[in-house]
Structures are given as structure tokens and as C-alpha cells.
Amino acid sequence: MRASVIWLLSAAVAVAALGGGAADQPKPKPIWERNAPLPPGFNVGDAFPTFALRSAADGRPVSVAEFRGKKLIVNIFASW
Amino acid sequence: MDVPVWHAGLAQLEKDGKVAVVAIVQEQHPDRARLFLQWKRIGWPTLADSLDLLNLETVPLTIAVDEYGIVRFTELPMSAAKTIEQTFVNQTYPKPAALPPIDRPDLPALRAATTRNTAHAWRAYGDALSVWGDGRQWGDVIAAYQHAAQLEHGDAPTEFRLGSAFRKRYDSSARQPADFQDAERHWAQALDLDPNRYIWRRRVQQYGPHLETPEPFFDWIRDARAEIASRGETPLSLTVEPADSEYATAGASVAAAKVPAAEPDPRGRIRRDRGEFVAVETAVVPSTVTPGDTVRVHLTFRPNLRTKAHWNNEVDALVYWVSPPRAWTTDRRAVVAPNAAAEVSQEPRTVEFEVKVPETQAPGATAVPGYALYYVCEGVNGVCMYRRRDVSVPLQITARQKGTKR
């Protein structure tokens, strides 16, 4: 629930950034609605890390570099 | 849950080849997320980050990466799914002068680097081995993180990864009896070092006492299985079924079974099994507790494969009787682990219950006694018998620090 609340709070700022279109970089959020800074590689303008993780389907290591050459949406979630 | 919203917003763009989507699951058991995606008819490639190698504080997190590997949007809200085509997919981004290098870990080199015996080298080797190992690597991953933790005390991510690796081994054929308890101990240590980690907090809560206002963890699994089956499909099987603690409703995972109202063997007359037929593993969450607090006890009973012991399923199910010390309270005195459908079987059987430590309890090591009664057979067609297994669940009580609220 806490994560949802944080997302609701942060939604307005991020939507504004998307809707504006001119700037890629969202405005900094106030501290009370931010999580800890994202790790290097997860921020706008960073080279996204080319880490590998195991496929949840078959356990095979898969590098996100395999998706290079296409625009990519990375959705990180948990089912709980 | 933002996943279905993103799927709705991206499905046609994916079909048109304009964008790729990859899901990364921050769960100990990622096949549960696969079941969720099957339920929602989402076919995204799904990667598992059970050890939180990405070092993230919370989920969900949605990121847009251009074709050159540059992050264009981060922390995207659900509402952005409606406009993502205009704001990202149809945008043209400049090609960088040099593309970011692709990281490919060299396991032998990382292993060789551990001879320098630095925390960084051991952690890097453990990280790489957890992904690139042959599937039987959890013992070596644990050893690598243990070296790192010894060399650099207080590194929270190492503690979390160590806990997750212990639980991975616990769920594998290489399981050691204390792995689950060790997992909890390291997760708790990680959270103590960095209490803002929501993903870590949920991992501890997943196995701990039911929350006062229960937030569902995996209650959706029942609905998912029913709906998938109603579509004529077979729900993906799970390698590890959720424990009772992982449902919001206490006792929800336990089928209706005959629970004794009175103590079944008060005089201790049933012959004892001291491990010849059934081994017992205990885990307590949290592993240390202060007076006035509650812990959740997980017991796992495993037939001894060496003696070819089998459960006899044509009789009453395993019953566990909790005998808490005086002044302690428990959420149930008797717990039943249901029988399997076959006449005999060898699956592990689990029992969970909660005990509350009285405010007057002195600090130190103590134990919560109890016993299991079960029917067990020597082999598939062997002699069957009724046995009692006495269990003493160890518990460490720590003094409450002055000014600490419960």
C-alpha cells in the first residue's frame, strides 16, 4: 500500500513531465514524496545497465542488452 | 497493480514491433509472477531479481529506454501508459557517439579475483554466480556472500542477498535444515541496517506474523487459478506453494480438516519417532523477539528418504499440538497438515502458528515445545505405524530497549 501511495503522490509530477514533452528530465520531487535515489543507470540520461538476470520461465540468463536496437519499456514489479 | 494498465497501453505497439517490453520481478519465487501474467494474458519476457541485484528500494518501477540503451523516462506513472506512444515510442533520439558497453561477467576471472580477498571481489563473484551458475550454485553463492559479509560488516545489500540465497537453497534439492531460518536472520539483519527498503521489508513480512491489518500477499493466486482453469487452460505450476503466512487470511491455505479440540496425547503414551521416519525443520520469524511481541513459527516435516518413509494418507492427517510455556499465548493449539490424495506419499508437510511472548518474559534463549502425531509407513507397501515427534522450537528473547515502541 505504501508503494501505491508513493506512486499516486509522484504521479502528478511525472505526468507533467511527460505531458510537457519538451524536457526529458522531470522536475525534482520534494523529499517527502521521493524514495531513495535510484541506483546509477536508472535515471534519465543514464546508459541503462546491461545486466543479466535469470529468465523466470526457464532459468536461462538473459541480458537486457538483447533488447538493444528497439525502444524498450522495463517494468519492474512484484505480484504481492 | 500497474502491470495490466501498462499491458493495455503497450500491446498494440508491441504487436507492431515499435517497442519491446521486459518485466523484472522482485520476488523470492518469480514463478508466482509468471502465474499472474498468465492470468492477465500477458506474454512479456520475465526476468527474476530475487536477490535484489538491481539494489532497488521499492516497486513498481517503469523505465523507458531508447534503442541505444539510454534512459529517457524513469519512475513512469501508470497514467503515462496512455501517452507513451507520443511521448516516447514515436520520438527520435540521437545516437550516442559511443554505445554503452555490454557487461558480460567473466566467471573464472571473478573467481580468480576473490584471491585478493576483498568484500567487493567476493560480492561481485556471488552476484555473477547467482545468475550465471549452473543451477546448483547456491552453496557457492552463500559462501561468497559470507566472505563479503565477514570482510565488510554492515553492508545491507550483502545481507539481503545472503538471506535470499539461503532461501533459494532451501527450496532446492541441496537444502540444508537451517537454510530457512538463516534466510530470515539475514533478511532481518539487512532491514535493520536499512529500514527504508520496502522490498526487503515485504520479504520479512511474507513469512512473519499476520499483520494487524492484513495486506494480501498472494491471495490473488486462488482467483487466478480458478479463472485460468475456467478458460480451459492449465495454470502454471508453482515450485513453492505460498505458506499460510503468505495469505492475508489466517489459515486460508489449510484445507478443512479435523482439528482436535483437546490435547491428543496428554500423557505422552504414543511411541516416539526421533528422526528415523520424519525429520523436522524449524524456522521462526522474526528469529529474535522482545517481550510482548509475536512470532510466527514454521515447521516442516520431511519423510526420511534413507529409510524410505512414506506418509500414510488413508488415515487421519498430521496433527501438531502447541504447548506454549505458561503465560504465553498462541493463535491455535492444534494445527493440521492435510493428507495428499495418493494412498502414500513423501511430500514435506508444513505447519504454521503464532505465539506471543509475555511482557514478563526474561531475555535469553528459550523454546516453545509441542509435538506432532502422524501415520507413517516403512516404504510403499511396508509396515505402517502411528508416531509422535516431540519438537522444541528455539527462540531468542532480547530485552526491549528503553523508549522502543512495539
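Is there a quick way to get the dipole size of the protein assembly as shown? I mean about its Cα centre, with the Cβ of Lys and Arg at +1 and of Asp and Glu at -1; what is the value in debye to the nearest 20? Before the final figure, lay out the partial values.
Values: 58 positive and 56 negative charges, 108 e Å.
The dipole of the protein assembly as shown has a size of about 520 debye.
Positive end of the charge dipole of the protein assembly as shown (Lys, Arg +1 and Asp, Glu -1 on Cβ, about the Cα centre): tell me which of B:P216, B:G370, B:P4 has its Cα farthest that way.
Of the listed residues, the answer is B:G370.
Shielding of B:367-373 by partners, i.e. mean partner chain Cβ atoms within 10 Å per residue? Present the calculation step by step, with values, prior to reporting the outcome.
Numbers: counts 0, 0, 0, 0, 0, 0, 0.
The mean count of partner-chain Cβ atoms within 10 Å per residue comes to 0.
Just check the range B:107-207 against the gyration tensor rule for me: Cα atoms, a ≥ b ≥ c as the square roots of the eigenvalues, rounded for a/c under 1.5, and otherwise prolate or oblate depending on whether a/b exceeds b/c. Numbers along the way, then the final one.
Details: a/c = 2.10, a/b = 1.27, b/c = 1.65.
Note, shape of the range B:107-207 comes out oblate.
Taking the Cα centre of chain B as the origin and placing charges on Cβ (Lys, Arg +1; Asp, Glu -1), which of B:W321, B:V141, B:L110 is farthest toward the positive end of the dipole?
The listed residue farthest towards the positive side: B:W321.
For the range B:306-353, what is the Kirkwood estimate of the hydrodynamic radius, computed as the reciprocal of the mean inverse distance between distinct Cα atoms, to one decimal in Å?
12.5
For the Cα atoms of chain B, what angle does the longest principal axis make with the long axis of helix B:220-230, in degrees from 0 to 90, nearest 10?
80
Read phi for every residue in the range B:236-244 and hand back ³J(HN,Hα) as whole Hz from Karplus 6.51 cos²θ - 1.76 cosθ + 1.60, θ = phi - 60°, with x for Gly and Pro.
4, 7, 9, 5, 9, 5, x, 6, 4
Counting other Cβ atoms within 10 Å, which GluC sites (Glu not before Pro) in the range B:309-406 have at most 14 and lie in a DSSP loop?
Qualifying residues, ordered by number: B:E314, B:E343, B:E359.
Quick check on chain B: of the DSSP beta bridges with both residues there, what percent are antiparallel, nearest 5%?
Numbers: 47 of 53 bridges.
Of those bridges, close to 90 percent are antiparallel.
Within a 10 angstrom radius of each residue's Cβ in B:51-61, how many Cβ atoms of other chains show up on average? Whole number is fine. Don't jump to the answer; show the numbers that get you there.
On the way: counts 1, 0, 3, 9, 5, 6, 7, 8, 7, 7, 9.
Per residue, the number of nearby Cβ atoms from other chains is 6 on average.
Count neighbours as other Cβ atoms within 10 Å of each site's Cβ, and list the trypsin sites (Lys or Arg not before Pro) in the range B:198-238 that are DSSP loop with at most 14 such neighbours.
Loop-located and lightly packed - B:R231.
At q = 0.14 Å⁻¹, what log₁₀ I(q)/I(0) does a Debye calculation on the Cα points of the range B:264-397 give, no solvent, two decimals?
Taking Cα atoms of the range B:264-397 as identical point scatterers yields -0.63.
Quick check on chain B: helices-only [θ] at 222 nm, where DSSP H runs of length 4 and up contribute -39,500 (n - 2.57) each and the sum goes over total residues. Nearest 500, please.
Working: 9 runs with 108 residues, N = 406.
So the helix-based figure for chain B works out to -8500 deg cm²/dmol.
Nothing charged except the Cβ atoms of Lys and Arg (+1) and of Asp and Glu (-1): what's the magnitude of the dipole of chain B about its Cα centre? Round to the nearest 20 debye. Present the calculation step by step, with values, prior to reporting the outcome.
Working: 49 positive and 51 negative charges, 184 e Å.
Computed about the Cα centre, the dipole is about 880 debye.
Once you charge only the Cβ atoms, +1 for Lys and Arg and -1 for Asp and Glu, what is the size of the charge dipole of the range B:107-207 about its Cα centre, to the nearest 20 debye?
Working: 14 positive and 12 negative charges, 42 e Å.
Dipole of the range B:107-207, to the nearest 20 debye: 200 debye.
Once Rh is set to the Kirkwood radius over Cα pairs, what Stokes-Einstein translational diffusion coefficient, in µm²/s, holds for the range B:89-133 at a temperature of 20 °C and a viscosity of 1.002 mPa s?
On the way: Rh = 12.8 Å.
For these conditions, the coefficient is 167 µm²/s.
With N set to the residue count of the protein assembly as shown, report its C-alpha Rg divided by 2.2 N^0.38 Å to two decimal places.
On the way: Rg = 24.7 Å, N = 486, 2.2 N^0.38 = 23.1 Å.
Output field value: 1.07.
So which trypsin sites (Lys or Arg not before Pro) in the range B:299-330 end up in coil per DSSP with only 13 or fewer other C-beta atoms within 10 Å? Display every interim value, and only then the final one.
On the way: sites: B:R306, B:K308, B:R326; in loops: B:R306, B:K308, B:R326.
Hits after loop and neighbour filter: B:R306, B:R326.
For the range B:1-160, what value does the Rg/Rh ratio take when both radii are computed over Cα atoms and Rh is the Kirkwood radius, given to two decimals?
Values: Rg = 18.8 Å, Rh = 18.2 Å.
Reported Rg/Rh, Kirkwood definition of Rh: 1.03.
Could you work out, residue by residue across B:78-90, how many beta carbons of other chains sit within 10 Å of that residue's beta carbon, and then give the average as an integer? Mind showing how you got there, number by number?
Numbers: counts 5, 6, 6, 1, 2, 4, 3, 0, 3, 6, 4, 2, 1.
Mean shielding count: 3.
Taking every pair of distinct Cα atoms and averaging 1/r, then inverting, what Kirkwood hydrodynamic radius in Å comes out for the range B:3-89? Working shown, then result.
Numbers: mean 1/r = 0.0723 Å⁻¹.
Hydrodynamic radius (Kirkwood, Cα pairs) of the range B:3-89 is 13.8 Å.
Only the coordinates and a few stated rules stand behind these numbers; no lab work does. The model shown is predicted, which means the values in this text are computed figures rather than measured ones. FYI the Cβ positions are ideal-geometry reconstructions off the backbone, even for glycines, and counts take in every protein chain you see.
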